[in-house]
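Only one structure is covered here, and it is reproduced in the block below.
What follows is calculated from the coordinates using simple rules that are stated; it is not laboratory data. All values derive from a computational prediction rather than experimental measurement. Positions of Cβ are generated from backbone atoms using ideal geometry, with glycine treated the same way; all protein chains shown enter the neighbour counts.
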Amino acid sequence: MIMTVRGAVDRKEIGKSLVHEHILVDFSSAEEQIVIDDNLRNDIVEVMLPYLVEIKELGYNSFFECTPKYVGRDVKILRILSEKTGLNIITNTGFYGAGEDKHVPKKYRQLSPEDFAEMWINEWKNSIEDGIKPGFIKTAVNPGPLNDIDEKLIRASAFAHLETGLTVACHTGEKQCALEVAKIFEEEKVDLSALIIVHADAIEDFDVHLELLDRGAFLEYDSVGGRPIEYHLNLIERVIKEGFIDRILISHDAGWFTVGKPKESQNIRPYTDISYKLIPKLVERNIGEDIINRLLVDNPGEAFDIKVRRR
Ligand SMILES: [Zn+2]
């Protein structure tokens, strides 16, 4: 089962999916988040709708919105856009520790992992608002060794997974924090198939990719179009050769409406480089439709299927 902002769907129905994108982001600190009223909500819907219509026309059926609470998450906007486009849109629970923890409210920083987990489990059980439930847990850690807050958030996400079956997508971007996140999951007896290493394409050491894949984690190569396309072509070819293509997710980490900037000066990156740039090149390199379907349909279905994965 996959949980969308309009309710649960069978994982077989998710179709072609973009697993890591953003509709809106507010990079101000947790204490300074801009209140989104109906006027601003209408502006965001108006600006972002054409980009979602575009991917619907390209055959996508599901869209995972990776903006957590205190980074601008607004589930009402997501539901409006889902209703207008027919796309499945999936939102998240969890807190974002990257950015020196400025998106974790100061009043919560002393809480225990159990306390954090309880807040997120509550969003799953009782909805975020208006009956809208999260479809995954999104966390983020700072680069390098995990600080105290990061470690608590990761342990909390492992606890919340065991309680809810929601998959955890954790923003990393460099090898040390990624390996420490994986270690905490293993310590808490969570199978690494419940963990998506977000921004894994930024981990320079390919041996670390192989190690994480071998231990069972999903790796997200989510900056397609943000780097020369050859970079992702080469990564995909290497992973195919090593036999781990079943564990790879691809996306653009694109969008988004920046809250706090007027709608006229938004600079949106479309969600289209996979379709227009990556796939034609994969085909040129004789990587067939079966692999493309695995990356865009089967792997997202497996990764985000809601089920408890104990070690
Ligand atoms: Zn992102």
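Observations
- The alpha carbons of the chain stretch over 51, 45, 34 Å along the principal axes, in descending order.
- Using the Cβ-Cβ distance between residue 53 and residue 307 with R0 = 45 Å, the FRET efficiency computed as 1/(1 + (r/R0)^6) comes to roughly 0.90.
- Each label was represented as a point 7 Å from its Cα along the Cα-to-Cβ direction; for residue 214 and residue 13 these points are 4.1 nm apart.
- Among 166, 113, 235 - extreme Cα towards positive end, dipole of the chain, charges at beta-carbon: 166
- Applying a DSSP loop filter and a limit of 13 other Cβ atoms within 10 Å to the GluC sites (Glu not before Pro) in segment 189-225 leaves 204.
- Dipole magnitude of segment 119-251 about its Cα centre (Cβ charges: Lys, Arg +1; Asp, Glu -1), debye to nearest 20: 260 debye
- At most 15 other Cβ within 10 Å, DSSP loop - chymotrypsin sites (Phe, Trp or Tyr not before Pro), segment 1-90: 27
- Centroid-to-centroid separation of segment 140-160 and segment 226-252 [C-alpha atoms, Å]: 26 Å
- Label point at residue 183 placed 7 Å out along Cα→Cβ; residues across segment 145-172 whose backbone nitrogen lies under 16 Å: 145-155
- Label separation (residue 129 vs residue 284): 4.7 nm, computed from points 7 Å beyond Cα along the C-beta direction.
- Computed log10 I(q)/I(0) for segment 157-291 at 0.14, 0.17 Å⁻¹: -0.71, -0.95, from the Debye equation with unit scatterers placed on every C-alpha and solvent omitted.
- Residue-span extension gain [residue 38 to residue 206] - 0.36 nm each, minus C-alpha spacing: 55.9 nm
- Inter-part distance, segment 11-79 to segment 273-311, computed on C-alpha centroids, equals 21 Å.
- Across 107/261; 76/175; 76/277; 84/152; 102/281, pairs whose alpha-carbon gap is larger than 29 Å: 76/175; 76/277; 84/152; 102/281
- Counting only Cβ charges, +1 for Lys and Arg and -1 for Asp and Glu, the dipole size of the chain around its Cα centre is about 480 debye.
- Length-normalised contact order of the chain in % [C-alpha pairs under 8 Å, at least 6 apart]: 22 percent
- Within segment 46-186, all pairs of alpha-carbon atoms sorted by distance into 5 Å bins from zero give the percentages 2, 10, 19, 20, 18, 13, 10, 6, 1, 0.
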